[in-house]
Every structure is written in C-alpha cells, then in structure tokens.
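First up is the structure itself, then whatever we jot down about it.
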Amino acid sequence: MNDTGAAPRPSGPAPWHLPADLAGRYAAGRLDPAQTMSVEAHLERCARCRAAIPADAGWLAASWERVADIVDRPRAGVAERLLCRCGVPQHLARLLTATPALSRAWLGSVAAVLAFAVLAGLASTFAVPVGRAGVLLAFLLLAPILPTAGIAAAYGTRVDPGHELQAATPMAGPRLLLLRALAVQVTAVTLTGLCAPFLPGPPGLVAAWVLPSLGLTAAVLALTRLVPVQPAAAGISACWAAAVLVYGGWADDLFAAFRPPAQALYAITALVLLPVLLTRYRRADHWRYR
Amino acid sequence: MNPTDTTVGVRALTKRYGSRTALAALDLAAGPGVTGLLGPNGAGKTTLLRCLATTLAPDGGEIRLLGLDPADRAQRTELRRRLGYLPQDPGFYPHFTAFELVDYIAILKEMNDRRARHAEVRRVLAEVDLADRAATKVRKLSGGMKQRLAFAQTLLGDPELLILDEPTVGLDPEQRMRFRALVSRLGEGRTVLLSTHQTEDVAALCERVVVVGGGRAVFTGTPAGLAATAAGQVWLSERPPAGRQLFWRTADGRYRALGERPEGAEPAVPGVEDGYLLLLGDTAAVAA
C-alpha cells in the first residue's frame with residue numbers, strides 16, 4: 001500500500017498530492033463547491049494530504065460527538081414530541097413515553113374497556129330504562145378505578161421486568177411512582193373524558209367520575225407508604241366498589257355516591273388533601289427501599 | 001483493614017424471609033479494590049448485595065456505604081447517585097435498543113442533559129465492547145451481550161462503588177478475560193464488590209475474599225489466605241479415595257482429594273477452590 005491508500009502499481013505516474021496553496025484555501029473554506037468536492041475525494045484516499053490539512057482537534061472531536069449523537073439517539077415518538085411541545089423537559093418526556101409499563105398494552109386495554117362502555121351505552125338507549133341506568137352506573141363505578149389499575153401496572157417488581165435495574169437509581173421510589181401515577185391519571189382522565197359524552201345520562205352525572213378518580217388515586221398513593229402498589233390499588237378499588245353499592249342501597253338511590261354531597265367529599269379529598277399528601281409523600285421513607 | 005479505608009461497613013446484618021434466615025448477623029468490611037463474595041446457592045450473597053445496593057431493606061443491623069446510611073431516605077438517594085448495581089437477574093425491555101436501555105437508566109440516574117447523557121451512554125457501551133451494537137434491539141442480543149449491556153449501565157456516571165451480582169454468568173472465556181481486565185482497572189481507586197461461584201474469578205481478580213455460608217461471613221481475607229487454609233489437606237492419587245471425603249478426577253486422570261490423606265496419595269499445592277470447598281464442605285460441593 002502507498003500513502004494514498006491505493007495498491008502499488010508496477011508503473012504509472014507518481015502519486016499526486018494537494019499543492020500547499022490549494023490545501024490552504026480548502027482549510028480556509030475559500031474553494032467553490034466543485035473544487036471542494038474534488039479535494040475531499042482526494043483526501044478520503046490520501047492520508048498524507050489529510051495530515052497536512054490543519055485541524056482543530058477539539059472542534060473535530062465535538063463534530064464527531066454531534067454526528068454520533070444524531071445517529072445513536074433514540075427516535076422521539078409522537079407522544080414524546082407532543083409532551084416536549086407542551087413544555088415537559090425532554091428527559092421526563094422520554095422517561096414517560098419509553099416506560100414499558102405505561103405503553104401501548106395498558107393504553108389499549110383502557111381504550112378497549114371505555115369503547116365497550118360506550119357501545120353498551122349506545123345500545124342501551126334502545127333498550128329498557130333499567131339497562132341504561134345499569135350501564136351508566138357500571139361506567140361511573142369503573143372509570144375511577146381505571147387510573148388505579150394503571151398505577152398498579154406501572155410500578156413494582158411483579159409488573160416491571162426492569163424494576164430491579166431501576167431500583168438502585170436515585171429516581172426509584174416515590175419520585176418515579178409519582179411521575180408514573182401522574183402520567184397514568186392524566187391519560188386515563190383524558191380517555192375517559194372523551195368517552196363520557198356518548199353515555200346515556202344527564203351531563204352532571206356523566207362527569208361524576210372525575211373527583212372520585214382523583215380521590216382514589218390520592219388514596220392509593222397514600223396507602224403505598226405502607227404496602228406495595230398492587231395491594232394498595234386492589235384494596236382501594238374494592239373498598240370503592242363496595243362503598244358505592246352499599247351507600248346506594250342504604251340511600252335507596254343507585255347514584256347516591258355520585259350526588260352533590262358525596263362529590264363535595266371527593267372534592268375535599270382531591271383538592272385539599274392531595275397537594276398536602278404529595279408534598280409530604282416525596283419526603284416519606286417509602287415502604288422501605290422499594 | 002484500616003477503619004479509615006473502609007468504604008463498605010456492615011455490622012450484624014440480618015434478613016429473614018418468613019421462617020427462613022437469609023442473613024444471620026453478618027459482618028463485613030471492604031475498602032477500595034475488588035472484594036469477592038464466594039458462597040453456595042442460598043448462602044445469602046444476593047440478599048447481602050441487594051441490601052447494599054439499597055433495593056432491599058434489612059431486618060436488623062447497620063450498613064455504612066461511602067460514609068452514608070442507606071436507612072436514611074436522603075442519604076440513600078445520595079448513595080444511589082454514587083453506586084452502580086448489576087442485579088443477578090437484570091430484567092430487560094426487549095423492544096429497546098441497547099442504546100435506549102442504557103439511556104433510560106441514565107435518565108433514572110438524573111442525567112438530564114441530553115447531549116452529555118448520550119455521550120456517557122456511548123462511553124459505557126464502548127467500555128463493554130458494545131458500541132457497534134448500540135442500535136440493536138435487546139431481544140436480538142446474545143446472552144453474553146445482554147450481560148455486558150447490564151454491566152454497562154452500572155458504569156454510568158463513573159460510580160465510586162460497584163456492586164456486581166454474578167457478573168460473569170453467560171460470558172464466554174474470552175469475554176470473561178476482558179471482563180476481568182475491566183473490573184481490575186475499575187477496582188483501582190474505587191470499591192468493587194462482586195459475588196461469584198467461580199473461584200477462578202476470585203483468584204484472578206480479587207484482593208480480598210469473603211466466603212458466605214448460612215447467612216454469615218465464615219472467612220474474610222485474601223485469596224492466598226483462603227488457599228492457605230487448605231494446606232496439608234489437598235492430595236493427588238492414582239486411584240479414587242476409599243473414604244467419603246471430597247474428591248474429583250482431574251484432566252490428567254489423577255484424583256484430587258481433600259481432607260485426610262488417601263492411601264498412596266501425594267501432597268498437592270492448595271488453591272482457592274480447595275480452601276473454599278474445605279470451608280463449606282458438602283454444601284459447596286453440591287452447589288459447585
């Protein structure tokens with residue numbers, strides 16, 4: 001091999017190299033595009049001429065760094081770009097959208113449940129009134145539970161295959177759980193809210209799941225100071241369902257748990273206790289190391 | 001060990017799972033350099049390392065790591081910023097690329113600046129020879145590559161304390177040699193704690209060795225010291241020993257026996273494995 005990188009030939013012209021003035025004008029960026037391409041085609045093959053071009057090692061390293069960053073970096077999906085547009089920092093947007101436990105499987109199941117509720121609601125409009133009330137009650141009972149189910153699926157050894165890898169990081173514990181719970185809550189409320197108008201019932205009653213939803217999420221997070229997320233979510237959801245049915249039976253009104261007095265209770269829980277809870281929660285020693 | 005050199009201090013550590021005792025008042029001290037934990041399955045190595053990595057709370061005893069107390073929430077968070085942990089069974093997200101997985105852990109390690117974080121991800125992937133696999137999906141990596149990928153994430157942020165649970169599992173001989181070279185280099189000036197079944201790894205890598213059995217540290221010292229405990233109890237013979245002592249057939253067709261001298265046997269130079277097997281007896285032999 002000669003210093004141009006080409007195989008030696010038995011005969012022929014001596015290897016050509018960039019004249020000093022041409023190399024100087026190239027380094028100064030004073031060549032026209034055609035000349036630049038020609039010089040670069042030669043530089044690709046000629047180590048001697050490459051070495052003769054003055055270069056700032058720091059600038060070169062930084063350039064390669066930028067190129068590598070563009071080549072390697074994970075492609076931002078629609079959700080990540082949307083979150084960034086809404087002002088969420090890139091690393092948090094990445095964390096939320098890349099988290100497998102918050103991914104398509106869970107969102108798909110939530111959407112499927114809600115679609116089923118809407119279809120049942122639409123179908124019941126042509127059926128007997130008791131059927132319509134039953135569909136609405138089922139929806140109101142189920143909608144607040146969906147976020148707690150999502151939170152249960154978002155954090156912990158049994159539901160997250162990468163939990164042990166993450167558990168020794170500074171973000172693990174309350175910070176990560178809160179972040180994921182917030183993402184779940186916002187997503188579930190948005191999806192449920194989109195479905196609510198299609199349900200049979202007065203607008204006030206159809207929207208009566210919002211405050212219970214926030215209250216249940218607050219209760220689940222509070223309980224995780226004592227027990228892992230999954231039993232906390234299961235316990236709170238079971239208590240909610242039992243309370244709705246028992247209170248409805250006792251008051252002789254299936255929707256008693258969704259009337260204004262009960263809503264006031266949920267509002268107090270959600271709007272007054274939730275901020276206090278979250279502030280204290282981050283400082284709590286979260287069920288010892290998990 | 002000089003107390004001022006101690007970066008890992010464990011005193012009377014206990015952990016129970018129901019009626020089973022995993023750690024029974026275990027004491028341990030380690031400083032900069034590589035310390036190996038040897039022990040059979042169920043000896044308590046993984047439980048000990050999980051407690052040290054702050055992913056599992058002990059039932060009793062004290063832990064001090066890098067001068068911090070992991071029982072305190074704020075100190076635990078600070079400690080997590082300064083340690084790297086390779087679990088025995090690291091879970092993976094198969095649809096991630098190698099780069100995405102390490103990038104994800106880097107975010108959890110509070111590396112918020114994207115450019116700096118990506119540069120760090122490339123650095124640690126290069127450390128484990130996976131730079132050219134950065135864009136490969138995790139599900140398409142071999143077992144050894146996955147193990148190296150899990151190891152790469154422990155190096156994020158250049159931690160002062162590395163806790164590695166069975167790091168050589170799944171590595172072929174060449175990868176194991178490279179791994180030993182890397183860990184030896186990392187052990188210069190920082191504390192590395194690793195558990196292994198491989199006595200060869202301990203002999204080649206570790207400045208100190210702790211043999212764990214029944215939830216306690218039954219030996220603490222150097223690998224040479226562990227080998228020395230078997231002095232006068234290792235024998236080579238042409239025929240298998242008649243008694244019930246530990247023995248195995250070697251590559252040259254002779255029998256290596258531990259304990260009482262078999263008839264016609266000649267003494268052999270003891271190694272780390274001999275000391276380990278004699279210390280833990282049948283338990284270790286069955287696990288090995």
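Please report, in cubic angstrom per residue, the volume enclosed by the convex hull of the alpha-carbon atoms of the protein assembly as shown. So the per-residue hull volume is 265 Å³.
Between the Cα long axis of helix B:114-127 and the first principal axis of chain B there is an angle of about 20°, rounded to the nearest 10. The GluC sites (Glu not before Pro) of the range B:141-215 that meet both conditions, a loop assignment by DSSP and at most 14 other Cβ atoms within 10 Å of the site Cβ, are B:Glu188. Among the listed pairs B:Lys109/B:Lys137; B:Lys109/B:Lys146; B:Lys45/B:Lys109; B:Lys15/B:Lys140, those with a Cα-Cα distance over 27 Å are B:Lys15/B:Lys140. Between the Cα long axis of helix B:173-186 and the first principal axis of chain B there is an angle of about 70°, rounded to the nearest 10. For the range B:90-158, the relative contact order is 45 percent, taking Cα pairs closer than 8 Å that sit 6 or more residues apart in sequence and dividing their mean separation by the residue count. Net charge in the neighbourhood of B:Gly225 (other residues with Cβ under 12 Å of its Cβ; Lys, Arg +1, Asp, Glu -1) is 0.
Provide the packing ranking of A:256-267, A:57-68, i.e. peptides ordered by the mean count of other C-beta atoms within 10 Å per residue, highest first. Before the final figure, lay out each step's value.
Values: A:256-267: 16.4, A:57-68: 10.6.
Descending packing order for the listed peptides: A:256-267, A:57-68.
Structure remark: mean-square fluctuation, Gaussian network model of chain B, C-alpha springs under 10 Å; the largest value among B:Pro223, B:Pro94, B:Pro167 belongs to B:Pro94. Shielding by partners for peptide B:206-213, expressed as the average number of C-beta atoms from other protein chains within 10 Å of each residue's C-beta, is 0. For chain B, a Gaussian network of Cα nodes joined below 10 Å ranks B:Gly60, B:Gly31, B:Gly215 by mean-square fluctuation, and the top entry is B:Gly60. Taking the Cα centre of the protein assembly as shown as origin and assigning +1 to Lys and Arg Cβ atoms and -1 to Asp and Glu Cβ atoms, the resulting dipole is close to 1180 debye. With helices as the sole contributors, the protein assembly as shown gives -15000 deg cm²/dmol at 222 nm; each DSSP H run of n ≥ 4 counts as -39500 (n - 2.57), and the sum is divided by every residue.
If I take every Cα pair under 8 Å that is 6 or more residues apart in the range B:1-60, average their sequence separation and divide by the length, what percent do I get for the relative contact order?
Details: 77 pairs, mean separation 20.8, N = 60.
It rounds to 35 percent for the range B:1-60.
Relative contact order, whole percent, for chain B stands at 21, derived from Cα pairs under 8 Å and 6 or more residues apart. Within 10 Å of the Cβ of each residue in B:104-111, the mean number of Cβ atoms contributed by other protein chains is 6. The modelled label-to-label distance for the pair A:Ala115/A:Val227, using points 7 Å beyond Cα in the direction of Cβ, is 3.4 nm.
In the range A:38-89, taking the dipole from charged Cβ atoms about the Cα centre, the farthest positive-side position among A:Leu60, A:Val78, A:Ser38 is held by A:Val78. Taking springs between alpha-carbon atoms closer than 10 angstrom, which of B:Asp172, B:Asp27, B:Asp129 fluctuates most in the Gaussian network model of chain B? With Cα springs under 10 Å in chain B, the top fluctuation among B:Asp172, B:Asp27, B:Asp129 is at B:Asp172. Peptide B:57-63 is shielded by partner chain Cβ atoms: per residue, an average of 1 of them sit within 10 Å of its Cβ.
Each of A:Gln230, A:Leu214, A:Pro89 was placed along the dipole of the protein assembly as shown (beta-carbon charges, centred on the mean Cα), and the one lying farthest toward the positive end is A:Leu214. To the nearest 0.05, how large is the calculated FRET efficiency for B:Arg11 and A:Thr279 if R₀ is 41 Å and r is the Cβ-Cβ distance? In this case the efficiency is close to 0.70.
Values in this text are rule-based calculations from the coordinates and carry no lab data. Note that the structure is predicted; figures quoted are calculated from it, not measured. Heads up, the Cβs are rebuilt from the backbone with ideal geometry, glycines too, and the neighbour counts pull from every protein chain shown.
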